[in-house]
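The values are calculated or read from the model by the stated rules, or taken from the named source; none is laboratory data. Quick caveat: nothing in here was measured; it's all calculated off a predicted structure. Every residue, glycine among them, receives a Cβ derived from its backbone with ideal geometry; neighbour counts consider all protein chains shown. For the accessible areas, the whole protein counts, side chains as well, though only heavy atoms, and no ligand, DNA or RNA atoms are used. Shrake-Rupley method; radii C 1.70, N 1.55, O 1.52, S 1.80 Å.
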Amino acid sequence: MKLKNIFSTYFAVTAICTLGLALHACDDFLEREPLDVVTPELFLNSENDLATFPVGYYGIFSTHGGWSVGIGRFDDHTDNQATTNAAYGLYVPGNWKVPASGSLGYGNIRDFNWFLEQVLPKWKAGQISGNETNIDHYIGEVYMLRAMENFKFLQTYGDFPIIRHTIKDVHEDLVEASKRAPRNEFARFILSDLDSAIVLLKGDANNKVRLTRHAALLAKSRVALFEGSFLKYHKGTPRVPGGPDWPGAKMSYNSGFTINIDSEIDFFLTEAMEAAKEVADATELTPGSDATNPEITPAGEVVPEGWNPYFEMFGARNMGNYSEILFWRDYDLDLRVTHGVSIYIERGANTGLTKGFVDGFLMKNGLPIYAAGSGYQGDVTIMKAKQDRDDRLQLFLAGEDDVRESISKQGSTRYDSVATFGHPTIIDLEEVRDVTGYRSRKFFNYNLDEAPGSDLTCTAGSPVFRAAEAYLNYIEASYIKTNSIDGTADKYWRAIRERAGINVDYAATIAATDLTQENDWGAYSAGTLVDATLFNIRRERRNEFVSEGMRMADLKRWRAMDQVKDYVVEGFNLWSEAYDADAYKDEDGASQLIFDGGSTSNVSAQDLGDHLRPYQKIIANNQVFNGYTWSKANYLAPIPFRELQLASPDQISIENSNLYQNPYWPSEPNASALE
């Protein structure tokens with residue numbers, strides 16, 4: 001089986017057969033015995049059988065897809081990024097309710113357990129034919145997939161049942177299996193699966209479109225850092241085992257449970273450091289350059305490649321060429337496995353970075369924008385806001401004069417000019433709107449054939465794991481553990497800052513930091529400002545992972561939203577100068593901006609502030625007009641009421657259920673959070 005386009009092959013099987021492509025391969029596939037009648041005696045006996053199984057579950061990883069900017073949308077509804085419709089369930093107290101029905105979603109776990117139950121005895125007995133290294137690798141993939149699926153449950157629910165084997169569809173067995181393990185024990189189980197994966201997986205095989213050993217190590221550091229920091233910052237709350245009013249304490253099956261919370265925190269942080277260090281020491285970061293836009297030839301043609309390897313990495317079609325990329329998804333136009341990322345970056349994507357996020361990027365001299373002598377030029381235009389700032393801001397925030405495309409892409413034969421992003425599309429159709437005015441161009445590919453029209457033809461890769469996270473995981477875990485920056489963390493931090501084009505002396509940044517002037521939820525844990533060093537470690541992480549979907553998980557583990565009350569999201573500076581741009585006028589020169597607060601308003605009023613406020617355009621029936629407010633319950637999701645019932649002997653009463661509701665959530669259907 002060819003593995004070059006392993007993601008593409010799996011997701012395109014149906015399309016291939018339908019279109020009549022590769023007919024012989026499809027005939028072979030369709031002639032195989034249906035999976036529901038394939039017995040273990042006929043399947044999972046060879047290397048090729050094992051290779052096929054894990055690929056069907058690669059969809060558990062978040063990647064680009066469909067008509068959108070892909071993973072570039074996954075930071076929406078945080079203090080980093082906003083979309084047209086606010087997350088009312090998260091930020092309007094009372095709106096998120098306990099589901100009356102619904103499943104916790106054990107399906108994939110059951111499949112992984114079935115695979116391991118069938119394969120491990122044969123493997124130990126030497127009964128699987130093929131290359132032993134490859135056989136080990138495919139078993140390792142399933143261990144990693146089970147770990148990552150369980151990690152989602154850990155992040156969502158905290159305490160969770162540890163299910164190691166398939167369970168018969170017998171009610172008594174299902175009730176027994178529904179016992180929730182304390183979250184630290186569940187996290188240790190996840191790490192044990194990742195340890196198995198680390199032992200079995202190969203290195204950078206198959207161009208890294210299949211899981212790799214370094215990807216498993218990075219995943220281990222991610223899980224361990226998540227749990228270690230969650231336990232630290234939520235310590236003393238019912239979200240942590242052994243804490244006051246922890247709901248697990250009332251369960252008879254936890255009667256002998258004890259925990260030394262500080263020892264657990266230390267364990268997870270140590271595990272995070274060790275795994276992260278192994279990856280970081282073995283992997284160089286992709287270098288940046290001084291260029292913030294692609295080169296333009298004398299004829300006016302955009303040169304899409306060779307100007308900044310760091311920028312290009314995120315939109316590369318072959319990410320396997322970059323050592324920093326540890327695992328990625330490949331796309332293939334011939335297989336109709338594509339996405340629309342570059343199309344939507346060009347036109348707008350119903351999302352936008354926030355002012356708080358943009359303001360958090362340092363100047364090149366390492367100073368915050370508010371510090372004396374920083375050289376900050378203000379934000380009357382986006383280009384001014386980016387001037388002399390962190391290269392990551394200059395690269396990934398689209399300014400008015402940044403290159404968008406060659407005019408040849410629009411069908412002209414003339415190469416005498418290029419199109420720039422211009423003023424943000426703040427009043428365009430929702431689908432292509434710049435919600436805040438600040439558009440991210442991360443993941444953009446400047447090749448002319450990447451998105452030649454309105455068709456869904458983008459084939460740039462989608463990164464899943466990259467080594468920069470290992471650098472940042474080590475820095476954070478080591479500081480939380482020791483309250484100091486050791487030599488390894490110092491080396492990693494300087495490397496990250498050097499690539500970003502900012503002064504590598506992070507001590508100067510720390511000394512100039514005034515936490516009261518930082519518009520960053522990550523400045524807090526448990527409603528209290530953290531110290532300046534820890535904040536700047538968090539700042540580095542925030543800025544490195546712009547538009548990569550990491551923010552919400554970080555905010556939750558840091559307990560960084562206790563203080564969020566009436567928080568108003570802001571975007572670019574509209575009312576100082578931009579409001580008068582031709583982009584916001586009709587052909588007669590009349591302004592198309594409407595700001596009376598009525599149902600047709602398309603921007604916020606000037607008397608609310610110079611910066612666009614996407615959720616203060618319309619006044620009536622607007623639950624977030626006064627801003628976001630967080631609820632204590634929201635750090636963990638509620639268990640569906642019907643699941644509570646099904647985990648009881650009679651499938652009705654919840655008093656004897658082996659599942660228990662999460663803190664601050666009632667055990668009633670369609671009921672709002674208590675706090």
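Here are the numbers:
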| quantity | calculated |
| --- | --- |
| In Hz, Karplus ³J(HN,Hα) per residue of region 502-515 (6.51, -1.76, 1.60; θ = phi - 60°; x = Gly, Pro) | 10, 3, 6, 7, 5, 5, 5, 5, 4, 5, 8, 7, 10, 4 |
| Gain upon complete extension [E305, N483; 0.36 nm per residue less C-alpha separation] | 59.9 nm |
| Sequence-distant residues sharing a close amide H with R404 (under 5 Å, placed H) | A419, T420, F421 |
| Region 460-493 and region 580-631: distance between their alpha carbon centers, rounded to Å | 40 |
| Area accessible to solvent at L211, 1.4 Å probe radius, in Å² | 0 |
| Whole-Hz ³J(HN,Hα) from phi, Karplus 6.51 cos²θ - 1.76 cosθ + 1.60, for region 237-252, glycine and proline x | 10, x, 6, 10, x, x, x, x, 6, 4, x, x, 5, 7, 7, 4 |
| Computed [θ] at 222 nm, deg cm²/dmol, the chain (DSSP H ≥ 4; -39,500 (n - 2.57); rounded to nearest 500) | -11000 deg cm²/dmol |
| Extension gain, N519 back to D505 (0.36 nm per residue minus Cα-Cα distance, nm) | 2.8 nm |
| Sequence-distant residues sharing a close amide H with Y438 (under 5 Å, placed H) | L353, F572 |
| FRET efficiency, A205 to S101 (Cβ-Cβ, R0 51 Å, nearest 0.05) | 0.75 |
| Normalised contact order of the chain, rounded percent, pairs of Cα under 8 Å and 6 or more residues apart | 20 |
| Karplus-derived HN-Hα couplings along region 110-115 (A = 6.51, B = -1.76, C = 1.60, θ = phi - 60°), whole Hz, x at Gly and Pro | 4, 5, 5, 5, 4, 4 |
| Region 286-319 versus region 110-169: alpha-carbon centroid distance in Å | 41 |
| Cut-off under 5 Å, modelled amide H: who pairs with V603 long-range | I594 |
| 1.4 Å probe accessible area per residue over the chain, in Å² | 39 |
| q = 0.10, 0.13, 0.20 Å⁻¹: log10 I(q)/I(0) that the Debye formula gives for region 494-609, counting C-alpha atoms only | -0.50, -0.74, -1.08 |
| Mean separation of Cα contacts under 8 Å, 6 or more apart, over the residue count of region 167-221: relative contact order % | 26 |
| Length-normalised contact order for region 224-314 - Cα pairs under 8 Å, 6+ apart - percent | 22 |
| Accessible-area composition of the chain, carbon plus sulfur, in percent [1.4 Å probe] | 49 |
| Alpha carbon centroid spacing (whole Å) that separates region 321-343 from region 513-561 | 30 |
